[in-house]
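In what follows, a structure is listed as structure tokens, so that the remarks can point back to it.
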Amino acid sequence: IYNDKLYEVYTTGSGSTALSILDYSEANVSWSISSTVVLPNPPSLKLERPSIAITPDGTLWVCCTATDEVTGDVSLRVFSSADDGQTWTLINERIDNTIDNPSGIKPQLQGGKGRMSGNIMATKDGVSLLYTNGNTLNWVDYSLSGASSGTYENKRLLVYGTSQKDPDGTHFSSVTDSQGNIHVATNNGNSRVVYLRYDSATDTWDAPVEITSYRSGSYMQISLLADGRIYITYEVSGGSYLEVSESTDGGNTWGVNSRLTQDVVSDPGNARVETPAYAQGTLPVFQQVDNLDGTSSLVYYEVA
């Protein structure tokens, strides 16, 4: 949200990325789309899994996963716009996937590279990108002065395990606090929830902290509450129930706040969870569940 408008990016059915800007009506208690634009699609590239950030000067930054439909090669591409999406600049320097595509996944891409995705975010001196490359989690700093020429500093942040099933961004969630620190929830490749913290003042990452010692964390979400509490929500034991861990000291120590279970469905299935990045007094949690009859449902919780 920027200047009381909601900026949303998403993949279209034709393999492009679109930006919609929405206005909120207090009277109607609803959102309405004020404009929609489609980002320029480089030839032969399919753009997917976009993320968006807005720097204080109002510049829009969008990162997309780009798949070359001829060669199967995968890369991350970053676009910027200074006029609310009317015109776009493609940052010259791309980030290539260096991991061979695993056997049995996306057969049409065999011989190319594996899938990847990135989460772009505003920092105190520009924008940065947290992205997956196979089983590694990486960090890139773009400077505002150098971004148009494609210069960046690439810092490998984590190399964890070899058992992640889905490196498409479902394995990390991030929020930025008012001091510019970045808080990240991910897993270690062996089904343990990991917390990471970027210190904006020192431009460094703290050592990773594993906050669970048991099977958990295929899907997780991190949330920052107005009073400074940090919550990480994740499923345990293959999705049989959810757990919420809490830190009240900025991420230094963690403890389990709640276990969330439900009896309205017969089988929780492959649980996915959604929580807002920022919340007030309580934390809303949505859980996707699969019923035995093949239908799907959402279960809603509130965590104090």
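I need the full set of residues from segment 208-230 which are open to solvent by 60 Å² or more (accessible area, probe 1.4 Å) and either at pLDDT 90 or above or assigned to a strand (DSSP E or B) (or both), in order please. Before the answer, list the steps.
The initial filter retains those residues of segment 208-230 that are open to solvent by 60 Å² or more (accessible area, probe 1.4 Å), namely 210, 213-215, 226-227.
Correct list: 210, 226, 227.
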Identify the residue in segment 236-246 that is touching a Gly at 6+ places or on another chain (Cβ under 8 Å) and in a strand (DSSP E or B) and, among all such residues, is least open to solvent (accessible area, probe 1.4 Å). 245
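Mind listing whichever residues of segment 171-198 are on the phi > 0 side of the Ramachandran plot and of a type in the set (A, V, I, L, M, F, W, C)?
Once the filter is applied, which keeps residues that are on the phi > 0 side of the Ramachandran plot and of a type in the set (A, V, I, L, M, F, W, C), segment 171-198 yields nothing.
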Quick one: in segment 255-276, of everything that is within 22 Å of the chain's Cα centre (by Cα) and assigned to a loop (DSSP other than H, G, I, E, B), which residue is modelled with the lowest pLDDT? 270
Extreme residue, farthest from residue 61 (Cα to Cα), among residues of segment 1-27 that are surrounded by 13 or more Cβ atoms within 10 Å (Cβ to Cβ) and of a type in the set (A, V, I, L, M, F, W, C): 22
Could you grab me the full set of residues in segment 18-27 that are over 22 Å from the mean Cα position of the chain (by Cα) and part of a strand (DSSP E or B)? 23, 24, 25
Please return the ranges of strands (runs of 3 or more DSSP E) entirely within segment 136-207 where 2 or more residues are at pLDDT below 70 and surrounded by fewer than 16 Cβ atoms within 10 Å (Cβ to Cβ). 152-159
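The values are calculated or read from the model by the stated rules, or taken from the named source; none is laboratory data. Please read all numbers here as calculations on a predicted model, not as lab measurements. Cβ sites come from the backbone with ideal geometry, for glycine too, and all protein chains shown count toward neighbours. Keep in mind that these areas ignore ligands, DNA and RNA; they rest on the heavy atoms of the full protein, side chains included. Shrake-Rupley method; radii C 1.70, N 1.55, O 1.52, S 1.80 Å.
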